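Note sheet for the following structure.
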Amino acid sequence: MRFHGARILCTFLLLIGRAPFHASGGAARPPQDAYAVPSPAAVVKPAAYVSLAPVPRGKEFQVAVVVEIARGFHMNSHKPSDQYLIPTSVTAQLPAGIQLRDTIYPDGRLEKFSFSPNKPLDVYTGTVTFRLRLAARNDAAMGATTIPITLRYQACNDTTCLQPVKVPIEVKLEVAASGAKSRSVHPEVFSAANSPH
């Protein structure tokens, strides 16, 4: 029995010897929610939509970037409350023949958080839609076209801010000859984006 007890004690000492210790002498434990914090890119789910199919040369069209923000998180609006806060931005790398007319950001909402109880912050929560007004010039290459877009944001919850990230989004469209017949697509996305807040 004495040998058996000594063996158990040695096994226990070996196990705790492998665990990191705090200065106070206790075994270090990760915070309770250490594994619950998602990666910054996982906090949002972006999707892109084009307003016309196909897009004739010489015609204006729109791209909507619809972003779903995870429950409990927010990101700063395009015009945040303080200069040190990172604004949300949508940037397109336009191929030759595609022209940017305007980028339309929705208004944010003023909300208070535990880290800023006295000053509300201008943020996006839930689902937000960003719009790009574009035009296909007469020299735009016809056929399948891809527009790379970068969504840059910093996501925070009530206690923690994650690292700022840049999320790539691809917009695919078809460019047709000038005067070609086209139709409006995804009206539910663009009608909601054009409605007043």
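The values are calculated or read from the model by the stated rules, or taken from the named source; none is laboratory data. Keep in mind it's a predicted model, so treat the numbers as computed, not measured. Because the Cβ atoms are built from the backbone with ideal geometry, glycine has one as well, and the counts that use them run over all protein chains shown. To get the accessible areas, we keep the full protein, side chains included, count just its heavy atoms, and leave off ligands, DNA and RNA. Shrake-Rupley method; radii C 1.70, N 1.55, O 1.52, S 1.80 Å.
Numbers at a glance
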| quantity | calculated |
| --- | --- |
| Carbon plus sulfur fraction of accessible area for segment 129-174, probe 1.4 Å, in percent | 48 percent |
| 13 Å cut-off, amide nitrogen to a point 7 angstrom out along Asn118 Cα→Cβ, residues in segment 75-92 | none |
| Gyration tensor (Cα) of segment 98-197, equivalent ellipsoid semi-axes in angstrom | 36, 16, 11 |
| Summed side-chain charge close to Arg109 - residues other than Arg109 whose Cβ falls under 14 Å, Lys, Arg +1, Asp, Glu -1 | -1 |
| Environment charge of Leu100, counting only residues whose C-beta is closer than 13 Å and scoring Lys/Arg +1, Asp/Glu -1 | +2 |
| Stokes-Einstein D in µm²/s, Kirkwood radius over Cα pairs - segment 147-197 at 37 °C with 0.692 mPa s viscosity | 219 µm²/s |
